[in-house]
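The values are calculated or read from the model by the stated rules, or taken from the named source; none is laboratory data. All figures in this text were calculated on a predicted structure; none of them were measured in a lab. Don't worry about glycine lacking a Cβ; one is built from the backbone with ideal geometry, like all the others, and counts go over all protein chains shown.
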Amino acid sequence: MSEQRRRIDQVMDESFATNLEDLPIDDLRSRRVMCDELDVELSYYRRMLHGRMDLLDFELRRRSGEETRSLIDALPEILADSPSGRTSNPLDRELSLSLPELAGIGKREVDQALSDGFLAHLPEIDTAELQNIREVLSETELTVSSQRRAVYDAHDILTGEITRRYRDGSTNADEFLSAD
């Protein structure tokens, strides 16, 4: 696998989680760590996208007359944990990860969606443009969610292969514990 490719491209490549039987255990573990890190990164991006979508949804409701509070008054509620019933990370990993800066416009769709400073100019943006921005954020969130699903699937396959090796005795779990 080329080190030049983005990690998500590596994970989404069908060869990432196939023909694992002959792969060294350290490579399996390394790939699984990559999945863990990507899950944290993609989860972060999804949360950022959801926050922006929640803010836009409120503003669109306010403009249509369905909401009478100001955005500032409603901000604590809008940003409260999981207002729309979204669930947390099923892998439930606590990993430290150096996330990329979002200040510059990157090549990825998610970087572009998150770097847009529309929130600072919300009052000046007309409703049609807000709806367009909301649609772009939603489409980006679907892409990130699809990538996250691929990461989960790869993680499950890698974990299954590691577990199989422990079970059949071809890998010793004590070696892994003593390596730390």
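Okay, residues lined up against (1) surrounded by fewer than 17 Cβ atoms within 10 Å (Cβ to Cβ); (2) touching a His at 6+ places or on another chain (Cβ under 8 Å); (3) modelled with pLDDT under 95:
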position	(1), (2), (3)
Leu28	no, no, no
Cys35	no, yes, no
Leu38	no, no, no
Leu75	yes, no, yes
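Residues checked against (1) part of a loop (DSSP other than H, G, I, E, B); (2) modelled with pLDDT of 95 or more; (3) within 19 Å of the chain's Cα centre (by Cα):
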| position | (1), (2), (3) |
| --- | --- |
| Ala103 | yes, no, yes |
| Glu135 | no, no, yes |
| Thr159 | no, yes, no |
| Phe176 | no, no, no |
- Message: Against the condition within 15 Å of the chain's Cα centre (by Cα), exposed (fewer than 14 other Cβ atoms within 10 Å of the Cβ) and modelled with pLDDT under 90, how does Ser98 come out, does it pass?
- Response: yes
- Note on the structure: All-but-one check, Thr143 against (1) under 16 Å from the mean Cα position of the chain (by Cα); (2) within 25 Å of Ala17 (Cα to Cα); (3) at pLDDT below 85, failing number (3)
